[in-house]
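Down below is the structure, laid out as structure tokens.
Every number here is computed from the coordinates shown, using simple stated rules; none is lab data. What you see is a predicted model; the values in this text were computed from it and never measured. Here the Cβ positions follow ideal geometry from the backbone for every residue, glycine too, while neighbour counts run over all protein chains shown.
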Amino acid sequence: MRVIGTAGHVDHGKSTLVQRLTGIDPDRLQEEKQRQMTIDLGFAWLTLGHIQVGVVDVPGHRDFIENMLAGVGGIDAVMLVIAADEGVMPQTREHLAILDLLGIENGVVVLTKIDMVDDAEWLDLVELDIQDLLANTRLHQAPIVRVSAYTGQGIPQLVETLTMLLNTIPPRPNYNQPRLPIDRVFTISGFGTVVTGTLMGGTLRLGDDVELQPSGIRGRIRGLQNYKQSVEICYPGSRVAVNLTGVDKNDIQRGDVLSHPGQIKPS
């Protein structure tokens, strides 16, 4: 299991690209659909070869940079999305700087909206600008793939490139110390509190006692899901939804960490 994230300037086609790759619209909020702009984190999934892949779609607008930070913290690789008609823009640079600070070195640059550019020389110039931008970053070796999410041009090449990249990334280690940095919390009628995140460090099982930090509130796992499928155990490196008993939604916020009791001590 792997998790990839998007990054890039607002309106450069991140969510449209995710929907083209997965068949899932990551923009789930009504306000996002009305404004045609990603505001909060979106989630989707697909299978590449034998690898199950979760996709975290992040907002590109500068006003939602905190949401972007919450989304890219646990990813294995990134798709840095740059629109061919605009090229490198302010949030392209800002998101790239964040990826560099977080040590993310596995990625693909996706040059989107190529259907909107008729000039081949312009595309070549944009690619040169991207190469200059990446030169002194951890993504300096990232391949550039030209695509149109609207027409589908270049999508097979992108799928092939992502598959090859993810096959080179080793599985997440299992230290028998699970921790789940929470990036979303909500309630489902009849089930109660649900949290989601990318699992690290160990496995979570149905019925496990768990603890939230920094609050120290304890609960129990009532249900587990990987990509909308109910499971009894979740492994490191996977996107996980955890249904909790004994914990109220209002006691949890984005950035809290779920673990086994006594495993993590807040500093």
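In sequence order, the stretch 229-241 has phi-based couplings of 9, 5, 9, 9, 8, 10, 10, x, x, 10, 6, 10, 10 Hz under the Karplus curve 6.51 cos²θ - 1.76 cosθ + 1.60, θ = phi - 60°, and Gly or Pro positions carry x.
Counting lysine pairs in the chain that sit 8 or more residues apart in sequence, or on different chains, and whose Cα atoms lie under 30 Å apart gives 9.
Pull out a ≥ b ≥ c, the square roots of the eigenvalues of the alpha-carbon gyration tensor of the chain, then state rounded if a/c is under 1.5, prolate if not and a/b is larger than b/c, and oblate in the remaining case.
Values: a/c = 2.00, a/b = 1.86, b/c = 1.08.
It comes out prolate by the Cα gyration axes.
Tell me the angle of helix 155-167 to the major Cα principal axis of the chain, expressed in degrees between 0 and 90 and rounded to the nearest ten. Taking the Cα atoms of the chain, the angle to 155-167 is about 50 degrees. Find out how many positive minus negative residues lie around L46, taking Lys and Arg as positive, Asp and Glu as negative, among other residues whose Cβ is under 13 Å from that of L46. With Lys, Arg at +1 and Asp, Glu at -1, the net is +3. Neighbour counts of C-beta atoms inside 10 Å place H140, H260, H12 in the sequence H140, H260, H12, starting with the fewest. Sorted fewest first by neighbouring Cβ atoms within 10 angstrom, W122, W45 come out as W122, W45.
Using R0 = 41 Å, the C-beta based FRET efficiency linking H140 and D119 works out to 0.95. M164 sits among other residues whose Cβ lies under 15 Å from its own Cβ, and their net charge, with Lys and Arg +1 and Asp and Glu -1, is -1. Which of the three applies to the stretch 134-267, rounded, prolate or oblate, going by the alpha-carbon gyration tensor with a ≥ b ≥ c and a/c under 1.5 meaning rounded? Verdict is prolate for the stretch 134-267. Its Cα gyration tensor gives the stretch 78-147 an equivalent ellipsoid, and the semi-axes of that ellipsoid, as √(5λ) in whole Å with the largest first, are 21, 11, 10. If you take the Cα centroid of the stretch 127-147 and the Cα centroid of the stretch 149-226, the two points sit 29 Å apart. Among R172, R93, a tally of other beta-carbon atoms within 10 Å of each Cβ gives an order, fewest to most, of R93, R172.
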